[in-house]
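**Q** Before anything else, here's the structure in question.
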Amino acid sequence: MDTKAQLNQPIYDVGIKKRMNTLEKMWWLILSAVFILGVYSIIDGFLLQGMSSTNLSNTVPWGGWVAFYIYFIGMSAGSFLLSTLVYGFGMEQYEKIGRSALLSAIVSMITALTFIFLDLGRPDHVFNSVIYWNVTSTMSWEIHFYIVYLILLVTELYLTMRGDLIKLSKTSQGVKSKIYQILVFNKKEMTDIDKGKDRKLLKILGIIGIPLAIFGVHGGTGSIFAVLKARPFLNSGLFPIIFILSALVSGTALAIAIYVIKNKVQKKPIDVTMVKALGGMLALFLVIELGLEWYEFLIGSYGLQHEELATMKLMTTSAWSWSFWLFQMGLAMVFPLTILFVKKTRQSVNWILAAAIMTIVGVVGVRFNMVVPSLIVPQLEGLPQGNYYPNLSEWITTIGLLAMCLLIYTIGEKLLPIEEDETSENGVSQHE
Amino acid sequence: MGLFSKVAPSIKEFGDMVNNILPDGEKELEQSPYDTKLGLDMARDARKVIAGKIKIEDFHKVYSASLISEFGDHFVSGPEVSKDKKYTGPKWGMVIDLKKCIGCDTCTVSCKAENRTPPGMSYNVVLETELGSYPNISVMNLPRPCMQCDKPACVQVCPTRASFKMENGIVAIDNDRCIGCRYCMVACPYGARSYDFGNGYEEEMTGYDEITSPEYGMDRGKRKKGKVPEGTVRKCNFCFHRLERGEEPACVETCIGDARFFGDFNDPNSVVSKLAASPRAFRLKEELGTQPRVVYLR
């Protein structure tokens with residue numbers, strides 16, 4: 001921000017303050033209403049009726065909530081890996097989205113865990129999964145990885161904004177100031193030694209974090225599905241890699257969407273070069289993902305294995321095929337790729353935003369196609385063919401949890417110094 | 001005479017010549033005061049021991065009792081007592097003769113009655129497939145209990161070790177530990193696992209909720225909303241509670257064509273072991289390496 005812009009700031013602010021207030025009120029109101037509706041649905045369905053409130057059956061034991069769980073795990077993966085560009089590899093050009101990517105990684109992780117918690121039949125037994133560790137179970141490993149990963153994310157976010165938090169604890173008033181004081185353990189000054197320590201810690205966390213995120217959390221979540229030899233369509237070595245790739249796709253798209261929408265609403269200038277670079281990155285990830293998908297289908301169909309062919313046929317030609325063609329291939333692949341390849345559209349922030357939103361919506365279909373089709377195909381000839389669509393209760397709960405996700409993110413943005421203050425002497429600019 | 005003949009005897013003929021001078025085992029043993037059948041069985045199994053098909057310990061285990069009763073004090077040699085505490089009890093298994101199965105679903109019904117499975121859940125099903133096209137058509141019935149695999153995919157993936165392999169070969173579930181994530185259901189290649197959604201037959205059948213399924217010999221009292229096993233995964237356990245009191249699984253006992261056989265695969269002389277050695281024997285999805293303990297005869 002140059003001096004001129006800084007001078008203009010107060011006048012600029014007064015004009016939009018009123019509009020911002022009403023907009024913000026609407027945002028809170030709608031989200032809270034949807035969230036409360038979701039909580040009602042959780043109490044009515046999950047707590048009072050158990051799993052019978054869903055459309056799940058013995059043939060299709062996993063459904064919408066599992067799909068959304070891996071959707072958000074993927075979101076978290078992508079966001080975190082994007083943030084490592086800034087904190088791990090020192091790419092300054094992306095630092096504007098560094099903290100917000102970390103925050104969205106944390107929020108996505110919380111949402112993902114809420115989804116999978118709701119999918120448990122016995123939430124009262126949930127701690128057994130931590131107490132009794134089955135070393136051959138991918139899921140058991142994942143549960144432990146998730147806990148470590150979440151702690152790592154929170155620590156990393158905290159370290160990146162510690163300097164700003166100390167500043168805030170001095171400048172803000174009342175309860176807020178108290179909260180900040182507690183958050184920084186009553187620390188008054190950020191010395192150079194502190195900064196050096198934080199920098200070192202961040203680097204260590206990055207070194208642990210990147211493999212933990214890629215192989216532990218995200219490749220691992222893909223492995224939960226890939227190890228299932230009972231489902232030949234999932235049982236492939238490429239599956240965890242495709243999972244990571246679609247995570248990168250959705251994470252990049254999410255970062256673009258958050259950054260552009262936030263700045264548009266707040267009428268702040270948009271860093272067009274960065275958005276374009278992110279758009280290019282999105283295109284790259286999409287192309288790699290498309291290539292991997294091609295091999296997955298090529299080699300899968302070449303094997304002529306009955307169940308695998310049946311799953312592919314189900315995905316591409318059955319009554320569910322709209323989810324594959326429209327969401328997975330259309331919204332999450334061809335449409336955004338076209339936008340990001342055509343010269344006219346790939347230069348425009350609005351078009352890139354459109355591509356990002358399409359991807360975010362489309363990846364929901366990708367995740368559903370990872371879970372449901374292979375469960376619908378019976379394991380043995382003669383067993384009943386499954387049938388699954390999420391029912392109303394599942395959808396309301398899902399939308400309620402999406403609202404919860406956005407609420408937590410907004411609260412995080414409001415309370416914490418997520419926006420990089422460029423005049424600040426702390427934060428990323430110091431780390432390189 | 002062979003010197004001038006152009007016809008040389010075949011190898012088989014040489015064998016026959018040897019056989020001609022061999023004494024007939026049955027006749028020889030008939031002359032002795034001791035059990036003929038025992039002698040013949042022992043001779044047959046001794047050949048298997050030499051061929052490495054049976055372990056010597058198993059051989060001794062099978063015959064020691066009958067040898068002592070036959071020869072009394074004269075019999076001194078016996079199986080070596082192993083010092084480590086290895087499991088020596090039965091390892092249960094099942095053989096299903098598909099030629100005998102008529103697809104009447106008696107096993108399914110008796111299983112449901114025995115294990116009080118709720119609507120939509122059946123530990124045992126009979127899969128029916130039509131093969132060929134008219135007029136060359138046949139129907140194949142494939143009864144499918146849990147395979148009680150020796151390398152169970154479900155146990156491999158269970159995050160809490162709630163699903164485990166018992167020493168007697170049965171794959172069991174500790175419903176009090178199960179978190180209900182249903183990963184095992186997704187992992188089972190045979191679709192043999194079901195989730196207890198908590199519904200019941202109380203409306204059609206008074207008293208359904210009076211008793212919880214007696215699985216694993218546990219008395220859980222009344223079946224109630226929110227009480228285990230609701231919200232957990234359930235499966236066939238070869239009617240473990242019946243085995244404990246010396247009865248066969250319900251499906252085996254009620255099979256009208258006697259198509260099902262149940263017994264100890266650890267005992268090479270058991271009916272199931274002998275049937276499983278038949279060339280008709282096969283196991284489902286052998287290629288997955290799950291090593292099922294349910295053997296089919298085609």
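The values are calculated or read from the model by the stated rules, or taken from the named source; none is laboratory data. Predicted model only: the values in this text are computed from it and were never measured. Cβ: placed from backbone, ideal geometry, glycine included. Neighbour counts: every protein chain shown. With ligands, DNA and RNA removed, areas are computed over all heavy atoms of the protein, side chains included. Shrake-Rupley method; radii C 1.70, N 1.55, O 1.52, S 1.80 Å.
**Q** Output the 0 to 90 degree angle, nearest 10, between the alpha-carbon long axis of helix B:106-115 and the longest principal axis computed from the alpha carbons of chain B.
**A** Around 60 degrees separate the two axes.
**Q** Using only the alpha carbons of segment A:36-110, what is the convex hull's orientation-averaged projected area in square nanometres?
**A** 6.6 nm²
**Q** Relative to the longest principal axis of chain B, what angle (0 to 90°, nearest 10) does the C-alpha long axis of helix B:11-21 take?
**A** 80 degrees
**Q** Taking every pair of alpha-carbon atoms in segment A:185-301, what share in percent sits in each 5 Å bin, from 0 to the bin with the longest distance?
**A** Whole-percent P(r) values from 0 Å outward: 2, 10, 12, 13, 13, 14, 14, 9, 6, 4, 2, 1, 0.
**Q** Once Rh for segment B:95-297 is found with the Kirkwood sum over Cα pairs, what is the Stokes-Einstein diffusion coefficient at 37 °C and 0.692 mPa s, in µm²/s?
**A** Taking Rh from Cα pairs, D becomes 184 µm²/s.
**Q** Right, another one. Suppose only helical runs count, i.e. DSSP H with n ≥ 4. What mean residue ellipticity at 222 nm does that imply for chain B under -39500 (n - 2.57) per run, divided by all residues and rounded to the nearest 500 deg cm²/dmol?
**A** -8000 deg cm²/dmol
**Q** Using a 1.4 Å probe over the heavy atoms of the protein chains, calculate the carbon and sulfur portion of the accessible area of segment A:30-419 as a whole percent.
**A** 72 percent
**Q** Listed highest first by mean packing, meaning other Cβ atoms within 10 Å per residue, what order do A:248-255, B:243-250 come in?
**A** Top to bottom by mean Cβ count within 10 Å: A:248-255, B:243-250.
**Q** Apply 1/(1 + (r/R0)^6) to the Cβ-Cβ distance of A:Ala277 and B:Glu167, taking R0 = 60 Å, and write down the FRET efficiency to the nearest 0.05.
**A** FRET efficiency, A:Ala277 to B:Glu167: 0.45.
**Q** Report the label-to-label distance for B:Ile21 and B:Val109 in nanometres (one decimal), using points 7 Å from each Cα along the Cα→Cβ vector.
**A** So the two model labels end up 6.5 nm from each other.
**Q** Still on this model: How many Å² of accessible area per residue for the protein assembly as shown, probe 1.4 Å?
**A** 50 Å²
**Q** Mean projection of the alpha-carbon convex hull of segment A:30-419 over all orientations, in nm²?
**A** 20.9 nm²
**Q** Using 7 Å Cα-to-Cβ label points, what is the B:Ser66/A:Asn55 separation (nm, one decimal)?
**A** Result for the modelled spin labels: 6.1 nm.
**Q** Now for a different question. To one decimal place, what Kirkwood hydrodynamic radius in Å is obtained for segment B:201-279 from all pairs of distinct Cα atoms?
**A** 15.2 Å
**Q** Any idea what the alpha-carbon Rg over 2.2 N^0.38 Å comes to for segment A:96-250?
**A** The value comes to 1.28.
**Q** Over segment A:195-264, what number does the Rg to Rh ratio reach, with both radii from the alpha-carbon atoms and Rh per Kirkwood?
**A** 1.16
**Q** Nearest 100 Å², what total accessible surface is buried between chain A and chain B (probe 1.4 Å)?
**A** Roughly 3400 Å² of accessible surface disappears when A and B pair.
**Q** Starting from the Cα-Cα distance between B:Lys225 and B:Glu128, subtract it from 0.36 nm times their residue separation and give me the gain in nm to one decimal.
**A** Working it through step by step, the gained length comes to 31.5 nm.
**Q** Sticking to Cα atoms, compute the Rg of segment A:303-432 to one decimal and its Dmax as the biggest Cα-Cα distance, whole number, in Å.
**A** 21.0, 68
**Q** Given A:Lys170/A:Lys203; A:Lys18/A:Lys276; A:Lys170/A:Lys414; A:Lys96/A:Lys264, which pairs have Cα atoms separated by over 20 Å?
**A** A:Lys170/A:Lys203; A:Lys18/A:Lys276
**Q** For the protein assembly as shown, list log₁₀ I(q)/I(0) at each q in 0.06 Å⁻¹, using the Debye formula over Cα point scatterers of equal strength and ignoring solvent, two decimals each.
**A** Listed by q, the Debye log ratios stand at -0.50.
**Q** On to the next question. With runs of 4+ DSSP H residues as the only contributors, calculate the mean residue ellipticity of chain A at 222 nm using -39,500 (n - 2.57) per run, divided by the residue total and rounded to the nearest 500.
**A** Result for chain A: -23000 deg cm²/dmol, rounded to the nearest 500.
**Q** Helix check for chain A. Which DSSP H runs span at least 24 Å along their own axis by Cα, with a mean Kyte-Doolittle hydropathy no less than 1.6?
**A** Membrane-span-like by this criterion, though nothing is claimed about a membrane: A:98-118, A:239-265, A:349-376.
**Q** Still on this model: Taking only the alpha-carbon atoms of segment B:26-74, what semi-axes of the equivalent ellipsoid follow from 5 times the gyration tensor eigenvalues under a square root, in whole Å, largest first?
**A** That gives 20, 15, 6 Å for the three semi-axes.
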